[in-house]
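This report concerns only the one structure given below.
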Amino acid sequence: MKQTFLLSFFFFLLFSLTLLVFASDFTYYPISISLNPVAPPITFKNPNIYPTLLGPANASATINVTLNKALHAYDYDTNGYIVIQRIINQGLTTGTTFSIQWYAFITNYTDPNSIGVVLQEIQVNINNNPNWVSITYFGGNTVYLSGPGLTTPKTYTLDMSIAHTFNITISRPKTNRLSIYYYIDNNLAYSYNYAITKTANVVIYSVEGGRYSTSNTYDLYIDNVRMKNVNNIITSEDFESGTDNFFINSYSSGNAGKTVVYYTFPKIFLLAYNNDTKSYACKLSIAPLTAPIIANFYIKNTTSTSTSILIKNTVITSETSEILLGSNAYVYMYLNITAPLTATLPITFNLQYTYHPYNSYGITVTYPITITYG
Amino acid sequence: MFKRKILILLSLTVLLAIVNAAVFVYYTTNLSLSPVAPPIVFSNGNNAGQPDLSGTNTIGVIIGSANTSLTITLHPTYRYNYYKNITIIKNQDTKAYYVTIRVNTPLSNAKLLSATLRIYDTTGTTITNVDLRVTDTTAWLGPLNSNSKWFIDIILSIDETGGSPSSAPFASDSASLQLIYSPQNVETAP
């Protein structure tokens, strides 16, 4: 009897549990997802600066940045200085001309006392009195053109986020006149005549850059030096030998100096074009990296420049700020890279170009960019 | 012996008669339905209706009148497309529910290198990533607590191979899913 009761209770319990399980409540809501893809609103374009391979839809890019060597003059010491110099010591007689030209870029500039940095200069001695014909930088997007007889330097507005070709030419067309020309990127920025006595002893004493005064800090990169002396003899230096054979009379003190390095001047490496009728915001970012280099990547449109991706042996800042890419307009992607000649190359940078409709964050698209350096 | 056979035959006949004289017993059962407002509902994410790629396209999010159905229309392009916070799953009940996502008809275009529906909570912690290219049902997620929200992102990676800057990666594709919820997480949803 007792067994029968227990058996009945067991089956009752099992039945109840089964009922409970089958009493589960499931509710179903339908979800439909439709994809209607579109042609890429933003596509990459090749600026033909470096060997570049675009993806078939121009939504990716592989770039091979070729190596270049340049002279790096640096002053990292507020109590130090660096002057890169070559003594010329040639007389400038009537009918002769002296010209110096190089490609230069200055960056990481601090100058609390506004002493400036000479980007290019000729010391010309007139009757043994030194005079300096100079192109000087005090920060911002302006350079100052100065020389004998100019009481106030002439200002010249220039985009200093990129390198420029500077040229100073001094001629003596008449016995009593010096003509001084300042060229920037092969355009005449300013010129004037300076009266001298017919018997003046004019000597091109030296060419130089940097600053003897202390308190500022900077990196100055120079390449493609070309000097035409008073005898029309051309001396050039591209530093590709790994040695500076031009600025042989340089001098410095403190934590300042000069060395030849691998250097890629700030240049456009890729364009992005907005094919759409609406504007987008875009930026660059980079994957983690460790390499013995200093590198910057940034973007520009016609009116503004993003902040930079910064690499100093490792990634310090991993993305740029966003900038506007208007309808039917371009943004320009820039890089500059420094590496010691001892660096193990090549180095690969894995960048991402990201964009989204301006002032809207619902959709973000990312295109890959691979840059091989070296 | 003969009598015994007669007895067996009689017994069988009686048994057959019992079977054929089946008795039907009827108990009264009352089934009463008392519908309630949906405890779990869809609502627009911050970016529903915001500009999508190309021209006047928008991130299309249509929610049924009872907030119990969802239609999403997107306009991606080549490479990596991230659609963020386009829909919200909200529990407006006083009790918690478990949720699962079932992909009945997956996205099928071969250009889709990946297609993920990401669900995450208010802290940004991922609840699950649903592969929209595979027919599958997730495990029970949650619970989605009373008055809590989950958010939906959709991430698409589209192959550039064979593409063109002037044409879309492919014409169209669609997926059919279900959001299933239950107060329990013991039994798998049928």
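Shown here for region B:65-137: trypsin sites (Lys or Arg not before Pro) in loop regions (DSSP other than H, G, I, E, B) with at most 11 other Cβ atoms within 10 Å, namely B:Lys95. Computed from label points 7 Å out along Cα-Cβ, the spacing between B:Thr126 and A:Ser191 is 6.6 nm. Legend: calculated FRET efficiency, B:Lys95 to A:Thr66, from the Cβ-Cβ distance at R0 = 60 Å, rounded to 0.05, equals 0.35. In straight-distance terms, cross-link reach from B:Lys111 covers every one of the aspartates and glutamates whose alpha-carbon lies under 19 Å from its own, apart from those fewer than eight places away in the same chain; here that gives B:Asp131, B:Asp159, B:Glu160, B:Asp173. Computed extension length for A:Asp238-A:Thr155: 27.0 nm, one decimal, from 0.36 nm per residue of separation with the Cα-Cα distance subtracted.
A Förster radius of 30 Å combined with the Cβ-Cβ distance from A:Lys174 to A:Ile49 puts the calculated FRET efficiency at roughly 0.10. Take each peptide in A:32-42, A:130-140, count the other Cβ atoms within 10 Å of every residue, and average; sorted highest first, the result is A:32-42, A:130-140. Between amide H atoms placed 1.01 Å from N, distances below 5 Å from A:Asp276 occur with A:Asn328, all of them 5 or more places distant or on a separate chain. Remark: relative contact order (chain A) = 21 percent; criterion is Cα-Cα distance under 8 angstrom and separation of 6 or more residues. A Cβ-based charge dipole, computed about the Cα centre of chain B with Lys and Arg at +1 and Asp and Glu at -1, lands at about 980 debye. With R₀ set to 35 Å, the beta-carbon distance separating A:Ser213 from A:Ile316 gives a calculated FRET efficiency near 0.75. By the beta-carbon count within 10 Å of each Cβ, the least crowded to most crowded order of A:Met333, A:Met227, fewest first, is A:Met227, A:Met333. In this structure, the amide hydrogen of A:Ile196, modeled 1.01 Å from its nitrogen in the peptide plane, lies closer than 5 angstrom to those of A:Arg177, A:Leu178, counting only residues at least 5 positions away or on a different chain.
Each residue of region A:41-54 was assigned a 3J(HN,Hα) from its phi angle through the Karplus curve 6.51 cos²θ - 1.76 cosθ + 1.60 (θ = phi - 60°); the sequence is x, 10, 10, 7, 10, 8, x, 6, 8, 10, x, 9, 10, 8 Hz, with glycine and proline shown as x. What pairs from A:Lys69/A:Lys228; A:Lys228/A:Lys258; B:Lys84/B:Lys149; A:Lys258/A:Lys300; A:Lys69/A:Lys283; A:Lys267/A:Lys300 go past 20 Å between their alpha carbons? As for pairs spanning more than 20 Å Cα to Cα, those are A:Lys69/A:Lys228; A:Lys228/A:Lys258; A:Lys258/A:Lys300; A:Lys69/A:Lys283.
Among the residues of B:166-177, the average count of other protein chain beta-carbon atoms within 10 Å of the residue beta-carbon is 5. Taking other C-beta atoms within 10 Å as the exposure proxy, B:Glu187, A:Glu121 rank B:Glu187, A:Glu121 from fewest upward. Along the axis of the charge dipole computed for chain A (Cβ charges of +1 for Lys and Arg, -1 for Asp and Glu, origin at the Cα centre), the listed residues A:Asn113, A:Val331, A:Thr165 are led at the positive end by A:Thr165. Label-to-label distance, A:Thr348 versus A:Ser304, with points set 7 angstrom from Cα along the beta-carbon direction: 3.4 nm. Across region A:199-208, computed HN-Hα scalar couplings (Karplus, 6.51 cos²θ - 1.76 cosθ + 1.60, θ = phi - 60°) run 9, 4, 8, 10, 10, 7, 8, 7, 10, 7 Hz from first to last residue, x flagging Gly and Pro.
Per-residue 3J(HN,Hα) values for region A:98-110, derived from phi via the Karplus relation 6.51 cos²θ - 1.76 cosθ + 1.60 with θ = phi - 60°, read 10, 9, 10, 9, 7, 9, 9, 9, 10, 8, 6, 8, 10 Hz in sequence order (x marks Gly and Pro).
No lab work stands behind these numbers, since they all come straight from the coordinates. Quick caveat: nothing in here was measured; it's all calculated off a predicted structure. Here the Cβ is made from the backbone with ideal geometry for all residues, glycine too, and neighbour counts use every protein chain on show.
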